[in-house]
Structure formats: structure tokens, C-alpha cells
Amino acid sequence: MHSQQNSCCRLEFPKRNGVVVSTQHHRREGATMLSPALACCKLYISEARNAPALRAIERAAAGLRPAAVLVNAFADDAYNRVGYTLVSPLAGAGGDSAPPPLHRAAFGVVAAALEAVDFGVHAGAHPRLGVVDHIAFHPLAGAHLDDVAALTRAVAADIGDKLQVPTYLYGAAHKDGRTLASIRRQLGYFMPNSPGEQWRGAPDSSSLPVAPDAGPATPSRSKGVVAIGATAWVDNYNVPVHTPDVAAAKRIARAVSERGGGLRSVQAMGLAHGEGVTEVACNLLDPARVGAEQVQERVQQLAAEQGLAVGEGYFTDFSQERIVELYMQSAEAEASQQ
């Protein structure tokens, strides 16, 4: 991601080893501020190195401010991936028939990303399904998962029909509650297609092993496909491992994950992450039960068994409480200017 962050809605984040990192990495702080029926949308875009593309995407993210606010941006150069977090009330003001602001903001970001990024030339150390790899909707203050799921299905339908991208639902948005991990496995998400544990370009095959929930049955090489779902809050927490041996990081990831007999509600991948470093990248599906401290401790133990050292892990987004607070601060600032 470009280091100059001049847009009014971008937050200023420090860098570590060329990677923009959010200030909440080490300790999360901030009092809870209640707000009725807020939801957030996290969009993960397969690009972090093309500054003009990122500026175009971020202009789209700012297009509905103050109704929808960009509260976090997290770019990782090694993964060539950026995550954006948008927050908005679930319902639009005035009760009109237009889609709610979060729907329109998310759709705008996706449309801008598809225009600015070519999936066929993308390369990075993180798996991905398309230009817009993953969209996650989460209820925040005063919102219910069922309402967020309905919003998610509406956004997915628009992406599939209007932007012509094969779209896969998961979580509460899917009729059977399919998990994100399961659809990713079916689509071959976790298998690198380039030397050095890298993912490069679009898949060779134009056919999809699973029919999408919306959009065309055949993906465009320039767009790929997108997974979009609604779930309760998920923390993303990554732990650096000081070794270039991706196989070692994969062994640790497997052992720390619930799928491998490790910590409940934890999913993990072992990935290359820059020169001489790997990373155990984790999704904490129930962070109130199993949080970052437990993951950090377990990764450290498993790494020590292989004679490896680890770095301090970091979150890629703010806590729910901080996200609500940032949105409320923005709303209050806008109101005071009127």
C-alpha cells in the first residue's frame, strides 16, 4: 500500500517491514459506545502494491460518507492483499426504498476493485479466489445476524448479476449454513499454483467445481470469483515464525487449528511472508472463548518444539468496540459541521 494516506477517510497506520499495520496490534483499547443496528463489512481485495488502484478503490469506499464510514485499512505487501472495514447503520435514513448505505458502499468498492485490478496478473503469498477474494458482514451494536444475512444475500445478488462475478454465499447467508472454509476447499483455495508457495494469476480451468449462488457459471480470468457471507464476529490474528520453511509453518498451523486437533474455533494457515519469514495466519471464530493470547502461546509452544522462534502476533483489524467507537466519532464530527 502506498505510504501517503491523504484521503479524508483513511486512517494513519504505522508500517512494519513495509507492511501497513493497525495501531491495535499489541493491545486493544477503547470504551464501548452503543449505537442502534450497526453492521460492518470487511472486504479483502487482491492488491496491495498498485497505488493508483488502491486510491480508486478508496475513493469508492469514501463515496457514501458519512452514511457509511471506512474505519480501517490494512495492507500486506507480501500477501499483495488489502482489507477494508466499512461501518454503517443497517437501514438507510428516511426509510426509502434504496438499498441501505452499507449495501451501496460495499457494492461500490467491489465495482471499483474489479475496474482497477486484473486478477490474471495478480501474484502474492496469500491464497485468493478473485480480485475481491472475500467479503464478510458482521452485526455490531444493536444488529441481528439474520438482518445482516439478508443484507449479504442482496449484495451477493447484485455482485453476481450486475458485475457478472460468480458469487458464493457462506455462513448465515447460505441456506445450509455452509462455512467459508468448506467452499474454499471445494474451489481449491488452499493449493498454491506457483513455485515458492505463491499464488499467481487466474486458474487454468474455466469451469467451476461448484455452481455459484449468483452470477455466471464461468468466471472471468480478470475477475475470478468471490465468497461472501454473514457471521458473528471473527478476529484475524497472525503470528510471525522466524523461518523460511513454509512446511514448518504449515505443521504449526495444522496443530494449532481445530481441524488438526488443536484449539477450538481456530482456523489457521501456514504461509510465506517475506524474505526468510513465515506466518501462522489465524481466524478466531469465537474469540470470546479462544482468543489471541491462547493462540500466541500455543504457536510459541509448537514452534519451540521445532527449534523455532516466533514474533509477537498482531490483529489485522480493530475490535468490535473500537470499530463502533470510530464510527460514532465520525458521525458526531459530521453532525457538528452541519
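Here the dipole of the range 69-158 is about 60 debye; that uses its Cα centre as origin and unit charges on the Cβ of Lys and Arg (positive) and Asp and Glu (negative).
Label-to-label distance, LYS175 versus GLN301, with points set 7 angstrom from Cα along the beta-carbon direction: 4.3 nm. Packing order of peptides 66-72, 164-170, highest average first: 164-170, 66-72 (average count of other Cβ atoms within 10 Å over each peptide's residues). Peptides 224-231, 155-162 ordered by packing proxy, namely the average of other Cβ atoms within 10 Å per residue, highest first: 224-231, 155-162. Look at (1) 162; (2) 233; (3) 127: the one that is volume of the Cα convex hull per residue in Å³ derived from this structure is (3). Of the accessible area of the range 44-154, computed with a 1.4 Å probe over protein heavy atoms only, carbon and sulfur atoms account for 54 percent. Taking Cβ atoms as reference points and 15 Å as the exclusive limit, the residues near ALA125 contribute a net charge of -3, counting Lys and Arg as +1 and Asp and Glu as -1. Surface exposure of the chain, expressed per residue as accessible area with a 1.4 Å probe, stands at 42 Å². Amide H contacts of ALA227 (H built 1.01 Å from N, in plane; Pro and chain starts excluded): HIS134, ILE135, TYR168 sit under 5 Å, all sequence-distant by 5 or more or on other chains. How large is the Kirkwood hydrodynamic radius of the range 126-230, in angstrom, based on all distinct alpha carbon pairs? Radius from the Kirkwood sum: 14.1 Å.
From most to least packed by mean Cβ count within 10 Å, the peptides 277-286, 261-270, 130-139 give 130-139, 277-286, 261-270. Ellipticity at 222 nm from helices only: DSSP H runs of n ≥ 4 in the chain, each -39500 (n - 2.57), divided by the residue count, give -9000 deg cm²/dmol. Our coupling estimate for the range 120-125, obtained by passing each phi through the Karplus curve with A = 6.51, B = -1.76, C = 1.60 and θ = phi - 60°, is x, 10, 6, 8, x, 9 Hz, Gly and Pro reported as x. Karplus-based coupling profile of the range 313-329, in residue order and whole Hz: x, 8, 7, 9, 8, 6, 5, 4, 4, 5, 4, 4, 4, 5, 5, 5, 4, with θ = phi - 60° in 6.51 cos²θ - 1.76 cosθ + 1.60 and x standing for Gly or Pro. Considering only VAL246, ALA309, SER330, and ranking their Cα positions along the charge dipole of the range 226-338 that arises from unit charges at the beta-carbon of Lys, Arg, Asp and Glu, the one farthest toward the positive end is VAL246.
In this structure the amide hydrogen of ALA48, modeled in the peptide plane, comes within under 5 Å of the amide hydrogens of ARG81, none closer than 5 places in sequence on its chain. Between amide H atoms placed 1.01 Å from N, distances below 5 Å from ALA143 occur with ALA37, LEU38, all of them 5 or more places distant or on a separate chain.
Charging the Cβ of each Asp and Glu at -1 and of each Lys and Arg at +1, and nothing else, the dipole of the chain about its Cα centre rounds to 520 debye.
Ranking PRO99, GLN296, VAL210 by Cα position along the charge dipole of the chain, where only Lys, Arg, Asp and Glu carry charges on their C-beta atoms, puts VAL210 farthest toward the positive end. Dipole size in debye (nearest 20) for the range 188-338 around its Cα centre, Lys and Arg Cβ +1, Asp and Glu Cβ -1? In debye, rounded to 20, the range 188-338 gives about 640.
3J(HN,Hα) couplings calculated from phi for the range 213-229 with the Karplus curve 6.51 cos²θ - 1.76 cosθ + 1.60 (θ = phi - 60°) are, in sequence order, 7, 8, x, x, 7, 10, x, 7, 5, 7, 10, x, 10, 9, 9, 9, x Hz; Gly and Pro show x. Positive contributions from Lys and Arg (+1) and negative ones from Asp and Glu (-1), summed over other residues with Cβ under 11 Å from the Cβ of PHE137, come out at +1.
The values are calculated or read from the model by the stated rules, or taken from the named source; none is laboratory data. All values derive from a computational prediction rather than experimental measurement. Positions of Cβ are backbone-derived with ideal geometry, glycine not excepted, and every protein chain shown enters the neighbour counts. Protein only, heavy atoms only, side chains kept; ligands, DNA and RNA dropped before computing areas. Shrake-Rupley method; radii C 1.70, N 1.55, O 1.52, S 1.80 Å.
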